[in-house]
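Peer 1: Can you keep this structure in mind? I'll have questions shortly.
Only the coordinates and a few stated rules stand behind these numbers; no lab work does. The structure presented is a predicted model; accordingly, all values stated were derived computationally and were not measured. Ideal geometry is used to build each Cβ from the backbone, glycine not excepted, and the neighbour counts take in all protein chains shown.
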Amino acid sequence: ERLTEIGVWYERNGEAVAGCGRSPLGDCPVSGVEDWLLSKSGLTTQRDSTVYLHILHWPGSEIHLANIGSPVQEARMVATGETVSFVQDSDRATLTGLPPDPPDAFDTVIALEFDETPVPLDHFRYVE
């Protein structure tokens, strides 16, 4: 039964795993509820200019992202293809209008599309 569930998840979300590696935005703080923070946990994957957020604890109607050094062009639910609304202000983005229940009970994946390979914002980089 568990393997069947994994197979169903993979059919809907496999693009977030196959051919992907860890994203440099894995260190990007992601929060949606007071005590939940995705940071340095490896819960993002990446292929080319797409970063996949693996949301293991559904936050509700919004997800807040920080330290994004590249502009987000598009956001979508991988399993359904549904567009996710977002607002980006400098290095912060808020994904809005999320459904009350996650599309996938154990790991909902949201794809963030960028024009180029995204980078985290480096607040400590020396600029001449």
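Peer 1: Can you compute the modelled spin-label distance between Thr94 and Ser61, with each label point 7 Å from Cα toward Cβ, in nm?
Peer 2: 1.1
Peer 1: Next question, about the same structure. Please compute the modelled spin-label separation between Thr117 and Tyr10, points set 7 Å along Cα→Cβ, answer in nm with one decimal.
Peer 2: 2.8
Peer 1: Please identify the trypsin sites (Lys or Arg not before Pro) of the stretch 48-128 that satisfy two criteria: DSSP loop assignment and at most 11 other Cβ atoms within 10 Å. Which are they? Walk me through the numbers before you get to the answer.
Peer 2: Working: sites: Arg76, Arg92, Arg125; in loops: Arg125.
Taking the stretch 48-128 and a limit of 11 other Cβ atoms within 10 Å, the loop trypsin sites (Lys or Arg not before Pro) found are Arg125.
Peer 1: With the crude spin-label approximation of a point 7 Å out along Cα→Cβ, what separation in nm comes out for Phe106 versus Asp48?
Peer 2: 2.9
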